[in-house]
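S.K.: This is the structure I have questions about; it appears just below.
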Amino acid sequence: MMDPHRNLFYYYRGPSSQSSKDDKYDVQVENNVTKSFINILEILEKGENPNLRNWFLNRINLRTSPLIDFDFQTVSSESIPDAVITLEGRKIYIESKVRAELSSSQIKRHLSKLMKEDVLLIITNHNDANEQMRDVVDSRLRFVTWSQIHQACSKITADIKHDKKARFVFILMKEFIYYLEVVAMTDFTGLNNDDFDYFINKNQYYKAIIKNKMGALSEKIREKLPTDLKHFSEIKIGNIRDNDNSLWVAFRDANANGPTNQCNFTVDITSEYYGIRAVIRNGRVHEENTAVGIFYKNLTESPAKFIDLMKSIRPDYKMLIWERCPRDGKRIKPGGEVWKKVLELRLDYIQNTDDISYIKQVLERIKKPNSPGIHITREIKRGNELLLEPNILIDETISTMQILKPVLDFLER
């Protein structure tokens with residue numbers, strides 16, 4: 001796994017920041033990615049290479065002109081934009097966001113300090129940023145996403161790849177493109193070996209990178225959810241502790257209540273595979289008003305229905321039964337549990353009532369304070385080419401969720 005610090009633009013946080021909270025890391029990324037973009041604009045301007053500048057000005061509907069000066073976090077009494085670019089006769093003020101929501105009050109404060117001919121540019125990865133700012137009506141307001149900047153830089157770099165005179169610009173742009181990918185300030189770009197290797201080498205600086213990448217993947221999945229899955233729109237990203245061997249993202253039913261409200265779809269990544277799962281959790285077999293209790297009751301009363309369901313799903317998918325144990329103490333607390341695998345069974349091995357009896361016996365053996373967790377899952381092994389194809393992987397994930405949806409429907413009373 002490549003250490004991200006070898007990238008020209010990656011910010012070194014230092015030992016004192018290793019335990020930083022995610023929001024503090026986001027602020028660092030927010031500041032540094034803006035600085036890096038301004039730096040590369042300035043360097044290319046000094047090097048008399050207008051490609052990026054011309055794209056940038058055209059994208060925000062300004063006429064082409066030289067970029068005269070650059071500054072960061074210009075302070076007034078109530079307004080602190082992240083950067084300022086001075087052109088002939090006007091300035092571009094920049095407000096950058098990573099995952100933080102836009103604030104219309106903040107944007108209005110910025111606009112109140114601008115001259116009539118100036119522009120306030122919001123750079124974010126929220127594709128609906130202009131919709132979020134619909135109550136701010138001002139012709140000086142502009143929007144662009146980091147994904148659009150990434151795409152433009154990629155095209156410019158491809159165009160000059162064989163131009164020997166532009167070799168320095170090519171190298172610099174490649175470094176910036178990779179930096180945007182490392183900090184997940186792009187559209188989802190696929191899962192590569194570095195992402196899987198994190199769970200082997202545990203490079204502390206890659207933790208935020210893989211978490212941001214899985215977050216970017218989950219956002220793209222949510223955007224494309226079809227009608228029958230649209231209600232699974234609430235996203236929850238798990239934490240990665242030092243001894244964890246996976247990272248998961250859950251897609252929850254935003255309208256769910258009652259005993260099945262903790263059942264969901266998840267995607268996860270380990271050192272060996274990318275997984276897509278239907279998850280049944282909450283309660284124990286003899287607690288009838290819980291998800292596990294309902295599953296156990298339906299399994300008892302309708303074993304043939306469950307066998308047929310398993311046969312309708314691809315045979316290489318698996319059923320996993322886990323024992324959910326308290327991380328500390330004698331009670332499972334939110335976020336305070338360890339999952340220990342007790343059964344792994346290919347679906348084509350679930351063929352008759354004897355197999356159902358065995359599954360029930362495994363579930364029955366899990367006693368307080370522990371609880372069962374049940375997965376029906378598809379695993380895509382690392383190295384599979386579709387992991388490197390973002391759109392294909394997103395579509396495969398959604399189609400797998402559709403295949404697995406009847407597993408959650410089996411919980412209907």
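Here's the yes/no breakdown for (1) free of Cβ contacts under 8 Å to residues at least 40 places away in the same chain; (2) more than 13 Å from P81 (Cα to Cα):
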site	(1), (2)
H110	yes, no
E131	yes, yes
R134	yes, yes
R142	no, yes
W146	no, yes
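S.K.: Give the residues of the stretch 378-413 that are in a helix (DSSP H, G or I) and aliphatic (A, V, I, L, M), sorted by residue number. Let's see the steps before the verdict.
M.R.: Looking only at the stretch 378-413, we keep the residues that are in a helix (DSSP H, G or I), and these are 385-388, 390-409.
Selection gives L386, L387, L388, I392, L393, I394, I398, M401, I403, L404, V407, L408.
S.K.: Say we look at the stretch 316-344 and pick out the residues that are assigned to a strand (DSSP E or B) and aromatic (F, W, Y); which of these is modelled with the lowest pLDDT?
M.R.: W339
S.K.: Could you tell me whether any residue of the stretch 289-297 is of a type in the set (F, W, Y) and either in a helix (DSSP H, G or I) or without any contact (Cβ under 8 Å) to a residue 24 or more places away in the chain (or both)?
M.R.: Yes, some residue in the stretch 289-297 is of a type in the set (F, W, Y) and either in a helix (DSSP H, G or I) or without any contact (Cβ under 8 Å) to a residue 24 or more places away in the chain (or both).
S.K.: Could you list, in sequence order, all residues of the stretch 351-366 that are within 36 Å of the chain's Cα centre (by Cα) and among the β-branched types (V, I, T)?
M.R.: Scanning the stretch 351-366 gives I359, V362, I366.
S.K.: Filter the stretch 61-71 for residues that are touching a residue at least 40 places away in the same chain (Cβ under 8 Å) and surrounded by 15 or more Cβ atoms within 10 Å (Cβ to Cβ) and give the result.
M.R.: Once the filter is applied, which keeps residues that are touching a residue at least 40 places away in the same chain (Cβ under 8 Å) and surrounded by 15 or more Cβ atoms within 10 Å (Cβ to Cβ), the stretch 61-71 yields only L62.
A quick yes/no check of all residues on (1) in contact with a strand residue (DSSP E or B) (Cβ under 9 Å, 6 or more places away or on another chain); (2) among the hydroxyl-bearing types (S, T, Y):
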position	(1), (2)
K224	no, no
K230	no, no
A254	yes, no
Q262	yes, no
T266	yes, yes
S271	no, yes
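S.K.: Just to be sure I understand, how many residues within the stretch 367-395 are within 33 Å of the chain's Cα centre (by Cα) and within 23 Å of L345 (Cβ to Cβ)?
M.R.: Of the residues in the stretch 367-395, the ones within 33 Å of the chain's Cα centre (by Cα) are 369-395.
Those left that are additionally within 23 Å of L345 (Cβ to Cβ): 370-382, 384.
Counting residues in the stretch 367-395 that are within 33 Å of the chain's Cα centre (by Cα) and within 23 Å of L345 (Cβ to Cβ) gives 14.
S.K.: Being loosely packed, with under 14 Cβ neighbours inside 10 Å, farther than 15 Å from V183 by Cα, at pLDDT 80 or above and of a type in the set (D, E, K, R) narrows it down to one of K116, K91, so name that one.
M.R.: Going through K116, K91 in turn, just one is loosely packed, with under 14 Cβ neighbours inside 10 Å, farther than 15 Å from V183 by Cα, at pLDDT 80 or above and of a type in the set (D, E, K, R): K116.
The values are calculated or read from the model by the stated rules, or taken from the named source; none is laboratory data. Computed from a predicted structure; not experimentally measured. In this analysis, Cβ positions are derived from the backbone assuming ideal geometry, glycine residues included, and neighbour counts consider all displayed protein chains.
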